[in-house]
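Rule-based calculations on the coordinates, nothing more; no lab input. Model, not experiment: these values are computed from the prediction. Note that we place each Cβ from the backbone using ideal geometry, even for glycine, and neighbour counts take in every protein chain shown.
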Amino acid sequence: MTDSERLGRVVAIGTIGLDDIETPQASANGVLGGSATYACLASRLFAPTTMSSVVGQDFPASHRELLAGRDIDLSSLETADGRTFRWGGRYAENMNVRETTFVELNVLEHFDPQVPRHAVADSFVFLGNTDPNIQLRILDQVVNPRFVVVDSMDFWIEGNRQQVSNVFSRCDCVVLNDEEARLFGGHANIPRAVRTILDLGPTYVVVKRGEFGAALVSDHGWFFAPAYPLEEVVDPTGAGDAFAGAFLGSLAAAGATDQAALRRAVVYGSVVASFTVEAFSVDRLAELTRHDIDSRYVEFGEFAAF
Ligand code: AMP
């Protein structure tokens, strides 16, 4: 097999949003966000990436140009009549605590995603945080996916738990933060909550724990990656989606999904997430280079070696 045959393609769905963000230090309105946005900007640093999502007529041309200019395949990005998905979030002094101030689904309500033909078969699939019915429609289209990662959040878990369970049961890996894992698993104890999720059928669960890092769990046991000790977190928005995009992108680049590749993927996810939170919106993520990633990856190895 040649290198280009080994290099997988990532297909990512999720939201593209215009976000209003408030932190204790600053705020920003109508900035580029959304789960697909962060995931694709992270994944394209590792592997060819196709984005399937929807925006409204109000989506600024400059945002579209930013995505197109980062080598993201936008052939299945739909522009629908209506307004783009909008979300507002406010962070507490402890930036691990966030309150959603509003959600406007807008064009997402009638979105029927289509995976382009060149990306249907043998892809690495990321079902980013969005309506579980949309996630299922993607799963129904892809043929022989190499690895499927899914993310969700309280909004969808509380709104349509049964459909979220149906999606989880058809994926290889569920990625959630600790609060979402507790909410979905129905246990305050994380190992028990994770067990509930594994019992649905996925082989892996990744639990993201903000400034405390991330854990990869399977029947092989637990693997922990630390978080990068940043002295200043500017905007935590999208860290989880960037983590998932880099995680899957690095698997696609390796053309492998064995334990060693998955452990490296967790570290790549943590590295890219750590850059993402250094600036508002996608400002830092969009400028990231492989050199930045590789330098911090080496530092991660040193944190955990003993
Ligand atoms: P994260 O910080 O990883 O939870 O991701 C935040 C991003 O997800 C923001 O840019 C929002 O636009 C987007 N988002 C917020 N709420 C939702 C939702 N209910 N479904 C999908 N995406 C959302």
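In table form, for the structure just shown:
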| quantity | calculated |
| --- | --- |
| Zone of Asp58's modelled label, taken as backbone nitrogen in region 69-86 under 17 Å from a point 7 Å along Cα→Cβ | 79-86 |
| Convex hull (Cα only) mean projected area of the chain, reported in nm² to one decimal | 14.9 |
| Per-residue HN-Hα couplings for region 81-90 [Karplus 6.51, -1.76, 1.60; θ = phi - 60°; Hz; x = Gly/Pro] | 5, x, 9, 5, 3, 10, 8, x, x, 10 |
| Range in the chain, longest, excluding exposed GluC sites (Glu not before Pro) [loop by DSSP; at most 10 other beta-carbon atoms within 10 Å] | 94-230 |
| Mean ellipticity per residue at 222 nm, deg cm²/dmol - from DSSP H runs of n ≥ 4 across the chain, formula -39500 (n - 2.57) | -11000 deg cm²/dmol |
| Neighbour net charge for Val272 - beta-carbon separation under 12 angstrom, K R +1, D E -1 | 0 |
| Sorted by Cβ neighbour density within 10 Å, fewest at the top, the residues Ile197, Ile138, Ile190 | Ile190, Ile197, Ile138 |
